[in-house]
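Asks: So that we are looking at the same thing, I have put the structure below in structure tokens.
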Amino acid sequence: MAENTKLNPFEIAIKTYLDQRAKEDTLFAETYKKEGKTIQKCCLYLISEAQKKAFSSDKGKIAALPDAEVYGLAVHYYDEDDLDIDKMPENEVANIKKQVDEHIKVAAPKTGGFGMELNLFG
């Protein structure tokens, strides 16, 4: 599980979902404890996957994924041991972090959900 560092709103939403999932699913709870896996790296993986689906608009590149897909990818990050995010060049990781800090918006939760709006402009 993620260390107790300051998390941005996106990381908090993902961690909240994964913490709840771990409480309800004992198999995932074990996977969630994997050494070297962090919420921060998980969110970088999510952003990198969203970027693969980005399309151009008048504001630059935009990526949008439904909540279920985002949460599914978060679980996938913990299930798999060898993902692309671990192989990304440091400058690409730094660029993703900058985009997250500048452009991420998390909507207020709706009736027990974690409504998210993830906008990336390149």
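Laboratory data are not the source of any read-out in this text; all were calculated from the coordinates shown. Remember, it's a predicted structure, so these values are computed and weren't measured experimentally. Virtual Cβ from ideal backbone geometry, glycine too; neighbours counted across all protein chains shown.
Asks: Would you mind checking the stretch 35-58 for residues with the amide N under 16 Å from a putative spin-label position 7 Å along Cα→C-beta of Ala68?
Replies: Under cut-off, by backbone N: nothing.
Asks: Sticking with this one: Given a cut-off of 23 Å, name the pairs among Lys34/Lys61; Lys6/Lys33; Lys15/Lys41; Lys23/Lys52; Lys6/Lys53 whose C-alpha atoms lie farther apart than that in the structure shown. Mind showing how you got there, number by number?
Replies: On the way: Lys34/Lys61 33 Å; Lys6/Lys33 19 Å; Lys15/Lys41 12 Å; Lys23/Lys52 31 Å; Lys6/Lys53 28 Å.
Beyond 23 Å between Cα atoms: Lys34/Lys61; Lys23/Lys52; Lys6/Lys53.
Asks: Normalise the Cα radius of gyration of the stretch 4-63 by 2.2 N^0.38 Å (N = residues in it) and let me know the number.
Replies: Working: Rg = 14.4 Å, N = 60, 2.2 N^0.38 = 10.4 Å.
The reported ratio for this selection is 1.38.
Asks: So if R0 is 35 Å, what FRET efficiency would Ser56 and Asp81 give, r being the distance between their Cβ atoms, rounded to the nearest 0.05? Please list the in-between numbers first.
Replies: Details: r = 34 Å, r/R0 = 0.96.
The value I calculate is 0.55.
Asks: Suppose every K and R has +1 on its Cβ and every D and E has -1 on its Cβ; what is the size of the dipole of the stretch 1-82 about the Cα centre, in Debye to the nearest 20?
Replies: Values: 12 positive and 15 negative charges, 74 e Å.
Here the size comes out at about 360 debye.
Asks: Please compute the length gained on full extension between Lys34 and Asn8, using 0.36 nm multiplied by the number of residues separating them and subtracting their Cα-Cα distance.
Replies: On the way: separation 26, 0.36 × 26 = 9.36 nm, distance 2.17 nm.
Computed gain between Lys34 and Asn8 is 7.2 nm.
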